[in-house]
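Student: Below: one structure in structure tokens.
The values are calculated or read from the model by the stated rules, or taken from the named source; none is laboratory data. No experiment lies behind these values; they were computed from the predicted model shown. As a convention, Cβ positions derive from the backbone with ideal geometry for all residues, glycine included, and neighbour counts pool all protein chains shown. For the accessible areas, the whole protein counts, side chains as well, though only heavy atoms, and no ligand, DNA or RNA atoms are used. Shrake-Rupley method; radii C 1.70, N 1.55, O 1.52, S 1.80 Å.
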Amino acid sequence: MSAANFCTMRDFPLFAKDYYEDAKRCPECGAILSADDTECEFCECNELEDYQYYDECAAYDERQEIEDKLLDFNRGLLFHEVKLQSGYYSGVQFYVEINHDLTEDQDYSNDDCHYYFDCCRSVAYRKYASEVRKINRKLAEFAKAYGFQEYVCTARFSNGEAWYQLASNPRARLKSVVA
């Protein structure tokens, strides 16, 4: 049975990244070269093959940096927590975990809101909507800074498989979610 590579979220776009790098490989000596090279610098072979490799060092370093920034960002959130989550098969995505869902769970009374959020129910709902907009803006900022791309799940099948496509106009989608 198949599984979807990434988790989709109701109020947040799917920003994901893969750490596979394009390169050239020499069939004679096995050297890995830059994607721009046309000739092997070691054995001077000029029939290089296309090659992809997983850049583990870049993935680890960037993940540590992003997680440090997310830790600082999460301190200012009341209802959500933003995480960097690995894909089921490959890549990483920004995943927003909802700690208190004020859209689906309508069981928050005025007393509950005073207990959990130190404000009345109507103010808590406005703060929730404001936090969703804040997270969407920050996710777009992180995505641009670290080279993540926005994807849309175009199909999900009964066996669990999912198909993803790049979002054709990510800024328009972000505006419609934020508005």
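Student: Can you tell me the dipole magnitude for the chain around its Cα centre, using point charges on the Cβ only (Lys, Arg +1; Asp, Glu -1), in Debye to the nearest 20?
Tutor: So the magnitude is around 1440 debye.
Student: Evaluate E = 1/(1 + (r/R0)^6) for Ser2 and Glu65, where r is the Cβ-Cβ distance and R0 equals 35 Å; express this FRET efficiency to the nearest 0.05.
Tutor: It comes to 0.60.
Student: Next up: So, R0 is 41 Å and r is the distance between the beta-carbons of Arg121 and Cys153; what FRET efficiency does that work out to, to 0.05?
Tutor: The value I calculate is 0.80.
Student: Using only the Cα atoms of segment 19-59, what are the Rg and Dmax in Å?
Tutor: Values for segment 19-59 (Cα only, Rg and Dmax): 10.5, 31 Å.
Student: Pop a pseudo-label 7 angstrom from the Cα along the beta-carbon direction at both Ala129 and Tyr51 and give the gap in nm to one decimal.
Tutor: 5.6
Student: In terms of solvent-accessible area of protein heavy atoms at a 1.4 angstrom probe, what is the ranking of Asp50, Asp22, Asp101, highest value first?
Tutor: Highest to lowest solvent-accessible surface, that is Asp50, Asp22, Asp101.
Student: Let me ask something else about it. So what's the chain giving for Rg/Rh, alpha carbon basis, Kirkwood Rh from the mean inverse pair distance?
Tutor: With Rg and the Kirkwood Rh in hand, the quotient comes to 1.12.
Student: Working out 0.36 nm times the residue gap between Asp112 and Ala35, then minus their Cα-Cα distance, what length gain in nm do you get to one decimal?
Tutor: Once the chain is fully extended between Asp112 and Ala35, it gains 21.9 nm.
Student: Roughly speaking, to the nearest percent, how much of segment 1-157's 1.4 Å accessible area is carbon and sulfur?
Tutor: 43
Student: Quick one: accessible area per residue over the chain, 1.4 Å probe, rounded to a whole number of Å²?
Tutor: 63
Student: Could I ask something else about it? Determine, from the Cβ-Cβ distance of Ser90 and Cys43 and an R0 of 41 Å, the FRET efficiency 1/(1 + (r/R0)^6), rounded to the nearest 0.05.
Tutor: 0.80
Student: Could you check the spin-label model distance between Ala58 and Ser168? Points 7 Å from the Cα along Cα→Cβ, value in nm.
Tutor: Going by the 7 Å Cα→Cβ label model, 3.0 nm.
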